[in-house]
Amino acid sequence: MLSKKRVKLLKRASIVTLIFGFLVIHFFVPRLISEIRNPVVSLIKRNKNSSFNITTKKDSKLKQKEVVFSSFDNNKLSARLTYSSLDSAKGTVILLHGIRANKDQFKNVIDFLSENGFNSVALDSRAHGKSEGSFCSFGVNEKKDVKSLIDYLSLNENLNHFGVWGQSLGGAIGLQAMGYDERIKFGIIESAFSEFRTIVNDYFDLHAGFSYTPFSNYLVNRAGQIAEFDSNDASPIAYCKNINQPILIVHGNEDERINIKYARANFSKIPSSKKEFIEIDSANHSNVWKVGGDAYFERVLAFMNENKSLSK
């Protein structure tokens, strides 16, 4: 039998372990969700999007400029503006990358858009790339950043007829931005989630092998508190009901990170009379462009040409 002294030590050790575990869960784990520049997160290996070389003219010369503008809460945000290679532009496409990526994710797409007559603005989302900030708010603040970018481009670059093209988190931001700002005239939304709460629960199941909704909801609430955003507002599907603009919803049917059912749910809530769902057969979360290939980009270009600016 254990001595009374050992029993006391075990009890104390158990209490200390429980307190330490609670402190880690309460203060540290939520930061792994929303704190983009957290050094621990940078050590975790993540699946990166597969690159795909879109067919373009190799000798094309791009006219570009770096843009820095202020967000609604005075963060300095970085973007790269690339002009149409044609004499006139058909519109301006705002490019929105996935979580823990940056605007360089769209290098080949920028060439593709310029060659086909569209300006593009590749944005480093807050806390990503060269933009200021520490936390991601999963669209709550980012949709307002897109509005601020459109304000800046309209006033300082005399640009208009804006569209959005977003991947994963960028797609979720794009949905929220389209429902928030009617100046966005069309959207291409790839591999987006429907609700922040749901996707955090799914990620626990994917990476830890289990999920418990009350626990994941607790972490979501704490992540919002730490990063100072309303976690209930991080809901792309709630903004879908306000989207009357033309839109493409795109998803791979082998996506294990964000299930295609969320794309279908988003699509069902969009009242736009010009909406299309593209299911990329055999594509996962990271290789929609590669699996879709040139045929996919031709479909996207056809969609954008259908919704281009009519002004010269």
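The values are calculated or read from the model by the stated rules, or taken from the named source; none is laboratory data. If you're wondering where the values come from, they're calculated on a predicted model, not measured in any experiment. Positions of Cβ are generated from backbone atoms using ideal geometry, with glycine treated the same way; all protein chains shown enter the neighbour counts.
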**Request:** Please verify whether segment 275-283 includes one or more residues that are within 28 Å of K144 (Cβ to Cβ) and either assigned to a loop (DSSP other than H, G, I, E, B) or without any contact (Cβ under 8 Å) to a residue 12 or more places away in the chain (or both).
**Result:** no
**Message:** Can you list the helices (runs of 4 or more DSSP H) lying wholly within segment 1-48 that have 3 or more residues being modelled with pLDDT of 75 or more and surrounded by fewer than 11 Cβ atoms within 10 Å (Cβ to Cβ)?
**Reply:** 4-23
**Fill in**
R100 fails exactly one of (1) modelled with pLDDT of 95 or more; (2) over 19 Å from E306 (Cα atoms); (3) not in a helix (DSSP H, G or I), namely (1)
**Message:** Just the residues that are touching a Cys at 6+ places or on another chain (Cβ under 9 Å) and buried (at least 21 other Cβ atoms within 10 Å of the Cβ), please, taken from segment 255-280.
**Reply:** N266, I270
**Message:** Given (1) under 28 Å from F106 (Cα atoms); (2) touching a residue at least 12 places away in the same chain (Cβ under 8 Å), identify the lone condition not met by L155.
**Reply:** (2)
**segment 283-303: number of residues that are more than 15 Å from E190 (Cα to Cα) and of a type outside the set (D, E)** = 2
**Message:** Condition first: outside any strand (DSSP E or B) and under 16 Å from K275 (Cβ atoms). Now tell me which residues in segment 249-259 satisfy that.
**Reply:** none
**Request:** Test K185 against the criterion of being within 22 Å of Q105 (Cβ to Cβ) and surrounded by fewer than 22 Cβ atoms within 10 Å (Cβ to Cβ), and give yes or no.
**Result:** no
**Asked** Does segment 128-137 include one or more residues that are touching a residue at least 24 places away in the same chain (Cβ under 8 Å), farther than 17 Å from E190 by Cα and not in a loop (DSSP other than H, G, I, E, B)?
**Response** yes
**Message:** Are there helices (runs of 4 or more DSSP H) fully within segment 159-229 with at least 2 residues that are in contact (Cβ under 8 Å) with a residue 12 or more places away in the chain, within 15 Å of K143 (Cα to Cα) and under 16 Å from the mean Cα position of the chain (by Cα)? List them.
**Reply:** 169-180
**Request:** Check segment 149-162 and report whether any residue there is at pLDDT 95 or above, surrounded by fewer than 21 Cβ atoms within 10 Å (Cβ to Cβ) and of a type in the set (F, W, Y).
**Result:** yes
**Fill in**
Residues of segment 224-247 being of a type in the set (G, A, S) and surrounded by 21 or more Cβ atoms within 10 Å (Cβ to Cβ), in sequence order, are G224, A227, S231, A234, S235
